[in-house]
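Below you'll find the structure, written out as structure tokens, and then a few comments.
The values are calculated or read from the model by the stated rules, or taken from the named source; none is laboratory data. Predicted, not measured: the structure shown is a model, and the values here were computed from it. Positions of Cβ are generated from backbone atoms using ideal geometry, with glycine treated the same way; all protein chains shown enter the neighbour counts. These accessible areas exclude ligands, DNA and RNA; they are computed on the full protein's heavy atoms, side chains included. Shrake-Rupley method; radii C 1.70, N 1.55, O 1.52, S 1.80 Å.
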Amino acid sequence: MNPEGGLVPRPGARVVLLDDAGRLLLFSALTKEDGSVRWFTPGGGLKPGESHEQAALRELREETGLTNLSLGPEIWRGRPWATVRGGVAYEVRQRYYMARTPAFQVDTSAFEEIEKAEITGHRWWTIAELAATSDVLRPAELPKLLASLLTDGPPNRPIPVDG
């Protein structure tokens, strides 16, 4: 599995992308074990030599087609969690950055193969829609986190989150 039996670090960067109406862009994937749908922000793992900010902007380009976007502050920091991909066990540590954009048509034509295989859709969500869904949201407590962000603005330092 892993050379020394431990988890391989996998730093990640995600973007809490809000449109001018305060809606949040999320992508969906099907959880194979139980058939549930989970929704998550754009983003992914860092490539060698890439900063979290560079990865966040690259992932936005690949997953939405957005370019020339100003990345806001880091707002949330994911608590580490483990996953297995291709027989390798990873410890995922994600940083979440805020960004705002006018509403736009998402362009997924630059998806990488893994994204094409795993992502089943995307949509813009309001806080009320997030609060009403029975689907799995990542990070956990997303409706509460988003409401606080829209009401109080970005925190002074990143808030720890699950997912």
Check: Can you tell me which residue in segment 83-104 is farthest from T67 (Cα to Cα), limited to those that are among the basic types (K, R) and touching a residue at least 60 places away in the same chain (Cβ under 8 Å)?
Finding: R93
Check: Which residue, of D34, D107, is free of Cβ contacts under 8 Å to residues at least 60 places away in the same chain, closer than 19 Å to G163 by Cα and among the charged types (D, E, K, R)?
Finding: D34
Checklist line | Those helices (runs of 4 or more DSSP H) lying entirely in segment 73-163 with at least 1 residues open to solvent by less than 40 Å² (accessible area, probe 1.4 Å) and of a type outside the set (A, V, I, L, M) | finding: 113-118, 142-152
Next item on the list: Note down all Cβ pairs under 6 Å where the first residue falls in segment 8-21 and is in contact (Cβ under 8 Å) with a residue 24 or more places away in the chain and open to solvent by less than 20 Å² (accessible area, probe 1.4 Å), the second is polar (S, T, N, Q) and part of a strand (DSSP E or B), and they're at least six residues apart or on different chains.
Entry: G12/Q94
Notebook entry, point to check: Consider V136 against the criteria (1) over 12 Å from L24 (Cβ atoms); (2) of a type outside the set (K, R); (3) in contact with a Leu (Cβ under 7 Å, 6 or more places away or on another chain): it satisfies all of them except one. Which criterion is unmet?
Noted result: (3)
Item checked: Residues satisfying the stated conditions in segment 54-72, i.e. over 17 Å from L25 (Cα atoms) and either surrounded by 15 or more Cβ atoms within 10 Å (Cβ to Cβ) or hydroxyl-bearing (S, T, Y) (or both) -> A55
